[in-house]
Structures are given as structure tokens and as C-alpha cells.
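**Student:** Would you mind keeping the following structure in view while I ask a few things?
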Amino acid sequence: MGPPTAQPIDQLRIAYQRRNDTDYIFSFWSALGWTILTFGIFGYYVYYQLLRRMRDHNIRRLELLEAARSYAWQLAGEKGLQDELRPNFERAASHEEVMRQMTTDFRDPLIWLLLIWLTGIAGIISFILLDGDLIKHDTAEGGVESELATIYARLGRPVPQPDPARIKGKHNYVARVIVLIVTFGIYGFWWWYNMLQEPNEHFETNWVWEDALVQAAQQPA
């Protein structure tokens, strides 16, 4: 017999406690300063962390949201509300599936770091992919959060609805590449800033909602 499976409430706490391991916050000026001081070497570490943190953040958030949904299903069973809330649970699961599919995308940070080192064009491609990933991830997890907020409210443990306005717009990739070329690479610093700062803002928004979720989940029965 294998080890006992952790209960959903425990899985929720574990995923919540791991956010300092996954949600790396960048300081643009610090990253820029170290890149200049190391003659560009630190910039490769920045690329690595950009890819690593988006991949790991998506995995952790998926684990957290799945655990929150499983725990809510238990509570709904205790209150006789599973049939009433089943459509919400099913919609939440469909949004989670989008996040799960993202875990299979080609985003290995070490391989991408090698590609960027070998050819600079891979750095631009990674920026485009990461921007799209952030939008896709945020849209999917926002869908899960909305359904969970409805579910937990019905269970008497209210959680705020996510703000749909938080979903960022897609970068104009063609225009950015053109400006990058016209400015002989100088525009790349602004693009770099966006790639560091936008996920920072996404993580910080997530943390506020996570705090409310965990507090609601741990309320006495």
C-alpha cells in the first residue's frame, strides 16, 4: 500500500506556501545594473528566470486551484449542494484543463537559454511566447477563480470575484520588432522592462486573491 494521499485542504496549503519558490519578482533596475556590471552575462540569468518562473507559476497555480475545487466539492457534498453547483465545478475544470495543457508546451528554460546563447533571435521569440503565455494563463485562471468565487460564496465562505480588467493586452509583436531594428536594439530595454514587470504585477494580483481563498477555505465548519 502506498503512502496516504494528501487531503485537498492540505494540497491547497502546500501550493499556497510554495509561491515564494515559483513567483520570482524582478527589479528591472537591479537586473539591468547587474547585466551591465557583468558585461551581459547576468542577462542570460534573466532569460532563464523569465521562462522558469512562468512555467513554475502556472504549475503551482494549477495545483492550488485544483485543490481548492476538490475541497469545495467535499464541502458541497456535506451541504448537499453538489448537484446545484455541478455546472460551476465543470466550468472550473475546463479552465484548469487549459492551464494543464500549457504544462506540456516547449518552455524548458535550460534549452531556451542555450538557444538564446546560440542565436539572438531566440530571445525575441521567447518574449513573444512568454507574452502569449501570460495572457492565456491569466484568462484561464481567471475563469477558474470566477467559478470558485461563486462556489465558495454559495458554501458560505465568500471569496472576491477576479477583476476581468486585469487581463493585459497582447503586445504588438510586429511593431516591436520593427522599432527594435530601427532603434538599433535600444527599444529592447523597454521590451525587457515589460517582460519583467507585467508578470510581477500578475503575481501580486494573484497573491491578494490567494490570501482570500486560503482564509475562506480554512474557516471553521
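**Student:** Restricting attention to the range 67-80, does a residue exist that is assigned to a helix (DSSP H, G or I), of a type in the set (A, V, I, L, M) and within 27 Å of Asn200 (Cα to Cα)?
**Tutor:** Going through the range 67-80, the residues assigned to a helix (DSSP H, G or I) turn out to be 67-79.
Checking the rest, the ones that are also of a type in the set (A, V, I, L, M) come to 67-68, 72, 75-76.
When the remaining residues are screened for being within 27 Å of Asn200 (Cα to Cα), the result is 67-68.
Yes; the residues of the range 67-80 include at least one that is assigned to a helix (DSSP H, G or I), of a type in the set (A, V, I, L, M) and within 27 Å of Asn200 (Cα to Cα).
**Student:** Next question. Pull up the range 150-184, narrow it to residues that are in a helix (DSSP H, G or I) and in contact with an Asp or Glu (Cβ under 9 Å, 6 or more places away or on another chain), then point me to the one that is modelled with the lowest pLDDT. Outline the logic, then answer.
**Tutor:** Looking only at the range 150-184, we keep the residues that are in a helix (DSSP H, G or I), and these are 150-154, 164-166, 173-182.
In the following step, the residues that additionally are in contact with an Asp or Glu (Cβ under 9 Å, 6 or more places away or on another chain) were identified as 154, 166, 173.
On the way: Arg154: 97, Arg166: 90, Tyr173: 97.
Ranking the candidates gives Arg166 first.
**Student:** Given the options Leu196, Leu180, name the one that is closer than 21 Å to Phe28 by Cβ and touching a Gly at 6+ places or on another chain (Cβ under 7 Å). Working first, answer last.
**Tutor:** On the way: Leu196 fails: touching a Gly at 6+ places or on another chain (Cβ under 7 Å).
The conditions single out Leu180.
**Student:** List pairs: first residue in the range 157-184 and without any contact (Cβ under 8 Å) to a residue 12 or more places away in the chain, second residue open to solvent by less than 90 Å² (accessible area, probe 1.4 Å) and assigned to a loop (DSSP other than H, G, I, E, B) anywhere in the structure, Cβ distance under 9 angstrom, at least six positions apart or on different chains.
**Tutor:** Between residues of the range 157-184 that are without any contact (Cβ under 8 Å) to a residue 12 or more places away in the chain and residues that are open to solvent by less than 90 Å² (accessible area, probe 1.4 Å) and assigned to a loop (DSSP other than H, G, I, E, B), the close pairs are Val179/Tyr187; Ile181/Tyr187.
**Student:** When you look at Tyr152, is it aromatic (Phe, Trp, Tyr) and crowded, with 17+ Cβ neighbours inside 10 Å, yes or no? Lay out the reasoning, then the answer.
**Tutor:** Numbers: aromatic (Phe, Trp, Tyr): yes; crowded, with 17+ Cβ neighbours inside 10 Å: yes.
Here the answer is yes, as Tyr152 does meet what is asked.
**Student:** Out of everything in the range 94-149 that is open to solvent by 60 Å² or more (accessible area, probe 1.4 Å), in a helix (DSSP H, G or I) and β-branched (Val, Ile, Thr), what residue ends up being farthest from Tyr45 (Cα to Cα)?
**Tutor:** Looking at the filtered set, the residue picked out is Thr139.
**Student:** In the range 1-57, what residues are under 22 Å from Trp192 (Cα atoms), open to solvent by 80 Å² or more (accessible area, probe 1.4 Å) and assigned to a loop (DSSP other than H, G, I, E, B)? First the steps, then the outcome.
**Tutor:** Of all residues in the range 1-57, those under 22 Å from Trp192 (Cα atoms) come to 22-57.
Filter once more, keeping what is open to solvent by 80 Å² or more (accessible area, probe 1.4 Å): 29, 34, 36-37, 39, 41, 44-45, 55.
Listed by number, the list holds a single entry, Phe39.
**Student:** Residues in the range 168-187: is at least one within 30 Å of Lys79 (Cβ to Cβ) and among the hydrophobic types (A, V, I, L, M, F, W, C)? It would help to see each step written out before you state the result.
**Tutor:** Start the filter on the range 168-187 by keeping residues that are within 30 Å of Lys79 (Cβ to Cβ), which leaves none.
The answer is no, given that none of the residues of the range 168-187 is within 30 Å of Lys79 (Cβ to Cβ) and among the hydrophobic types (A, V, I, L, M, F, W, C).
Every residue, every condition in (1) more than 30 Å from Tyr48 (Cβ to Cβ); (2) within 16 Å of the chain's Cα centre (by Cα), yes or no:
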residue: Glu78; (1), (2): yes, no
residue: Leu81; (1), (2): yes, no
residue: Pro87; (1), (2): yes, no
residue: Val98; (1), (2): no, yes
residue: Trp112; (1), (2): no, no
residue: Gly123; (1), (2): no, no
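**Student:** Whether any residue in the range 101-110 is of a type in the set (Val, Ile, Thr) and either under 16 Å from the mean Cα position of the chain (by Cα) or at pLDDT below 95 (or both) is what I want to check.
**Tutor:** First, pick out the residues of the range 101-110 that are of a type in the set (Val, Ile, Thr): 103-104.
If we keep only those that are either under 16 Å from the mean Cα position of the chain (by Cα) or at pLDDT below 95 (or both) as well, we get 103-104.
Looking through the range 101-110, at least one residue is of a type in the set (Val, Ile, Thr) and either under 16 Å from the mean Cα position of the chain (by Cα) or at pLDDT below 95 (or both).
**Student:** Now for a different question. When you look at Glu78, is it farther than 22 Å from Gln218 by Cα, acidic (Asp, Glu) and loosely packed, with under 15 Cβ neighbours inside 10 Å, yes or no?
**Tutor:** Numbers: farther than 22 Å from Gln218 by Cα: no; acidic (Asp, Glu): yes; loosely packed, with under 15 Cβ neighbours inside 10 Å: yes.
So Glu78 does not fit the description; no.
**Student:** Right, another one. Kindly evaluate Gln219 against the criterion of being surrounded by fewer than 16 Cβ atoms within 10 Å (Cβ to Cβ) and part of a loop (DSSP other than H, G, I, E, B). Break it down into steps so the answer makes sense when it comes.
**Tutor:** Details: surrounded by fewer than 16 Cβ atoms within 10 Å (Cβ to Cβ): yes; part of a loop (DSSP other than H, G, I, E, B): yes.
The answer is yes for Gln219.
**Student:** Now a separate question. Looking only at the range 185-194, how many residues end up being surrounded by 15 or more Cβ atoms within 10 Å (Cβ to Cβ) and either among the hydroxyl-bearing types (Ser, Thr, Tyr) or outside any helix (DSSP H, G or I) (or both)? Full working, then the answer.
**Tutor:** Going through the range 185-194, the residues surrounded by 15 or more Cβ atoms within 10 Å (Cβ to Cβ) turn out to be 187-188, 191-194.
Restricting the remaining residues to those that are either among the hydroxyl-bearing types (Ser, Thr, Tyr) or outside any helix (DSSP H, G or I) (or both) gives 187, 193.
Counting residues in the range 185-194 that are surrounded by 15 or more Cβ atoms within 10 Å (Cβ to Cβ) and either among the hydroxyl-bearing types (Ser, Thr, Tyr) or outside any helix (DSSP H, G or I) (or both) gives 2.
The values are calculated or read from the model by the stated rules, or taken from the named source; none is laboratory data. As the structure is a computational prediction, the values presented were derived from the model and not from experiment. Neighbour counts run over all protein chains shown; Cβ positions are idealised from the backbone, glycine included. Note: areas computed on protein heavy atoms with side chains; ligands, DNA, RNA excluded. Shrake-Rupley method; radii C 1.70, N 1.55, O 1.52, S 1.80 Å.
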